[in-house]
1. With a 1.4 Å probe and all protein chains left in place, how much of the accessible area of the chain comes from carbon and sulfur atoms, in whole percent?
2. What number in nm² do you get for segment 246-350 if you take the convex hull of its Cα atoms and divide its surface by four?
3. Mind checking which of MET337, LEU113, SER159 is farthest towards the positive end of the chain's charge dipole, using Cβ charges of +1 (Lys, Arg) and -1 (Asp, Glu) about the Cα centre?
4. Give, rounded to the nearest 20 debye, the magnitude of the charge dipole that the chain has about its Cα centre when Lys and Arg contribute +1 at Cβ and Asp and Glu contribute -1 at Cβ.
5. Do any of LYS55/LYS86; LYS156/LYS224; LYS165/LYS188; LYS192/LYS304; LYS49/LYS188 go past 27 Å between their Cα atoms, and which?
6. Just to be sure I understand the rule: take each whole DSSP H helix in the chain, project its Cα atoms onto its long axis, keep it if the span is 30 Å or more and its mean Kyte-Doolittle hydropathy is at least -1.0. Which ones pass?
7. Just need the Rg to Rh number for the chain, please, alpha carbons only, Kirkwood Rh.
8. When you have a sec, figure out the Kirkwood radius of segment 60-186 from all distinct Cα pair distances and drop it here in Å to one decimal?
Amino acid sequence: MKKLLFIASFLIISFGCSSEKTSTKQENSKKVNDFAIIIHGGAGTILKKNMSDEKEVEYKAKLEEAIKVGHTILKNGGTSTEAVLKTIQIMEESPLFNAGKGAVFTHEETNELDASFMDGKTLNAGAVAGVTNVKSPIELAIKVMTDSDHVMLSGKGASTFAKEKGLEIVDPSYFYTENRFQSLQRIKNRAKTQLDHDDKKAAFYDADIKNAKFGTVGCVALDKEGNIAAGTSTGGMTNKRWGRIGDAPIIGSGTYANNQTCGVSSTGWGEYFIRSQVAYDISAQMEYLQKSLKEATKDVIQNKLTQLGGTGGVVALDKNGNMSFEFNTAGMYRASMNDKDELVVKIYKE
Ligand code: ASP
């Protein structure tokens, strides 16, 4: 009897595992969308109870507007690069997100913008860090990829390059929004109180980081040619100083794309995303362990990043048009659209 039970449980376990493997195999080999697009507008402590109905409508409308721009490009046979650029630019121009206009403030009350882009076909990439006067950092990141011998430019040099390439230069005040400025003041005041209280031992922006809303924007697109592109643009983290650079402009952390596996854009506490190589790890797990996109994103965000203490999430899309939103925060502004014109726009965890 015992023997029979043992054999029965063995068969059940083996069957369960092999059907899981079959579904992973199917997901990895079957094309589900000829083209697709997925975006985020940041992850963090985004709670329904703290959001007015009007603000929620505003966020959803902007996410929808942005994704539809990219989706139309893809539907008309445009490239994933074009779709990522135009979609991110809509969000960069909106004060709702922490990218372009609406970027958060540094400790010195300036705005320093980071962005990156990767082309999954060629594995070519471009990135910029700490730019202060270029209207569209994502456009500049793409220019670095297409028009320079480099992958990453920073600060003044990046601005000079932007000017030489004829990109739109703005006065730094263009990035000012009252809302973000007040957030900085609140964090500074809180940090000061904490420093006094903790005998100056506490980290200067520790207090608010856990509750921060990371409003970085990102987009991953798959075009009809099977090319994946991914891009990310951000103002970084409020109260950052000493020229701090986050994960958003780091290829492999904030952005990654490879036609053989997937494309990823990250948002969250950048230091942890750099240490975890979040975007590349997802692609690597698909490549080396034959994991599905869902399995890889889940492992990297819910297990590895979480165990390290990092917070945030990713949007990702694989070569077959499977899409995944994965985050370990209360919410993430996000949207996706497939080749059947099906639109998903969400903010909170469900
Ligand atoms: N990841 C960004 C950074 O650390 C912040 C964000 O996602 O909002 O700079």
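1. For the chain, the apolar C and S fraction of the accessible surface comes to 54 percent.
2. Mean projected area for segment 246-350: 6.3 nm², to one decimal.
3. Toward the positive end, the furthest listed residue is MET337.
4. Computed about the Cα centre, the dipole is about 1000 debye.
5. Pairs exceeding 27 Å: LYS156/LYS224; LYS165/LYS188; LYS192/LYS304.
6. The answer, listed by residue number, is 2-29, 53-75.
7. My calculation of the ratio gives 1.02.
8. Averaging 1/r across every pair of different Cα atoms and inverting gives 15.1 Å.
The values are calculated or read from the model by the stated rules, or taken from the named source; none is laboratory data. No experiment lies behind these values; they were computed from the predicted model shown. Cβ coordinates were reconstructed from backbone atoms using ideal geometry, including for glycine residues, and neighbour counts include every protein chain displayed. Keep in mind that these areas ignore ligands, DNA and RNA; they rest on the heavy atoms of the full protein, side chains included. Shrake-Rupley method; radii C 1.70, N 1.55, O 1.52, S 1.80 Å.
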